[in-house]
Amino acid sequence: IVKKYGAAVIGLPNDEEEIPEEPARRLELVRKLIGTATETYKIPIEDIVIDPLAMPVGADTLHPTRTIDTIAMIKAEFGVNMTLGASNVSFGMPDRHSIAATFLPIAISAGLTSAIMDARAPQIIRAVKAADLVLNRDEWGASWIAAHRAAQKAAEQAAEQAAEAAKAQAQGAT
């Protein structure tokens, strides 16, 4: 179906037995996956997206660094696009958004190209936009500045609405 419709496909570096902890083993499975996809099924490598599998830091504090190492190894060998469930890293932990907002820029700098994340969390959005800026993926800071200006405008509008509501309430009370 992927080949027939020219769709992208997401591959996971796990097998029937396990999700390997060691980055080298995950890379081995990615090699096998990409080899099968490109050679057997003739799927162009640019249509393969790898999920390096983010595991919860609460289960093992080495999980995030293993994921970062895996991302860097996949990028170095294949240069393919990668995605992952960003909230998986913080699963079961308090203040999950702070963990994700820290993990994502590091993962991006290692080679992560997209993430499944809570787009409603301003802290995470700002961290990703900042990573794009400092990694020179936001030429002249245009996106960063636009987001800042939009946030300023939204805050000003909210303040104006609050002032109008307070004034209306005060006038209604007299």
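The values are calculated or read from the model by the stated rules, or taken from the named source; none is laboratory data. Here the structure is a predicted model, which is why all the values come from computation and not from measurement. Reconstructed Cβ throughout: ideal geometry from the backbone, glycine too, with neighbour counts over all protein chains shown. The area values use the complete protein model at the heavy-atom level, side chains included, leaving out ligands, DNA and RNA. Shrake-Rupley method; radii C 1.70, N 1.55, O 1.52, S 1.80 Å.
Observations
- Among the residues making up region 96-146, those that are assigned to a helix (DSSP H, G or I), open to solvent by 70 Å² or more (accessible area, probe 1.4 Å) and under 21 Å from LYS75 (Cα atoms) are THR102, ILE106, VAL134.
- Restricting ASP51, ASP47, ASP69 to residues that are of a type in the set (D, E, K, R), closer than 18 Å to GLY111 by Cα and in contact with a strand residue (DSSP E or B) (Cβ under 6 Å, 6 or more places away or on another chain) narrows the list to ASP51.
- Check on ALA150, under 21 Å from ALA24 (Cβ atoms) and exposed (fewer than 14 other Cβ atoms within 10 Å of the Cβ): no
- Selection from region 19-39 of residues that are loosely packed, with under 14 Cβ neighbours inside 10 Å, in a helix (DSSP H, G or I) and of a type in the set (A, V, I, L, M, F, W, C): ALA24
- When region 78-95 is filtered for residues that are surrounded by fewer than 17 Cβ atoms within 10 Å (Cβ to Cβ) and over 9 Å from the mean Cα position of the chain (by Cα), the ones remaining, listed by number, are GLY79, PHE91, GLY92, MET93, PRO94, ASP95.
- Residue within region 44-59 that is touching a residue at least 24 places away in the same chain (Cβ under 8 Å) and touching a Phe, Trp or Tyr at 6+ places or on another chain (Cβ under 6 Å) present: yes
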